[in-house]
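Since every read-out is calculated from the coordinates, none of them should be taken as a lab result. Treat the numbers as computed from the prediction; the structure is a model and nothing was measured. Neighbour counts run over all protein chains shown; Cβ positions are idealised from the backbone, glycine included.
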Amino acid sequence: MEQQPKPVRAAFLWFSGLSAIIIGAIPVLQIFGAISWTADQIAAATGFIGFATATVGGTIASIYAENRVTPVSNPRDNSLVPLVPIADDGFEDEDEEG
């Protein structure tokens with residue numbers, strides 16, 4: 001069985017992974033002596049980077065995902081052409097309630 005694509009999950013996994021790598025690099029750099037920051041500086045830097053990557057990454061990921069997800073209620077392509085062909089049988093289609 002073919003697995004369905006999951007663009008929303010993929011987009012957020014990319015940005016959460018990127019955020020974890022960036023935030024995790026700061027204490028590692030401190031341990032190996034590449035930077036000599038205080039605990040307050042490390043906390044401020046990781047807090048800011050975490051907030052920035054969550055905000056910017058979340059925005060970029062949502063735009064990326066939105067462009068790859070077809071709305072179920074009214075599927076259309078980027079030119080707003082319906083993805084489901086409309087029946088050309090000479091009859092007017094009516095709602096079931098009508």
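From least to most packed, judged by other beta carbons within 10 angstrom and beginning with the fewest, PHE48, PHE12 follow the order PHE48, PHE12. In the stretch 7-66, Cα pairs under 8 Å separated by at least six residues give a relative contact order of 63 percent. Quick one: what does P(r) look like for the stretch 7-66 with 10 Å bins over all Cα pairs, in whole %? The calculated distribution, bin by bin, is 24, 42, 23, 11, 0.
With the simple spin-label model, which puts each label point 7 Å out from Cα in the Cβ direction, the SER16 to VAL28 separation comes to 2.0 nm. Taking 0.36 nm per residue of sequence separation and removing the Cα-Cα distance, the VAL56/ALA39 pair yields an extension gain of 3.6 nm.
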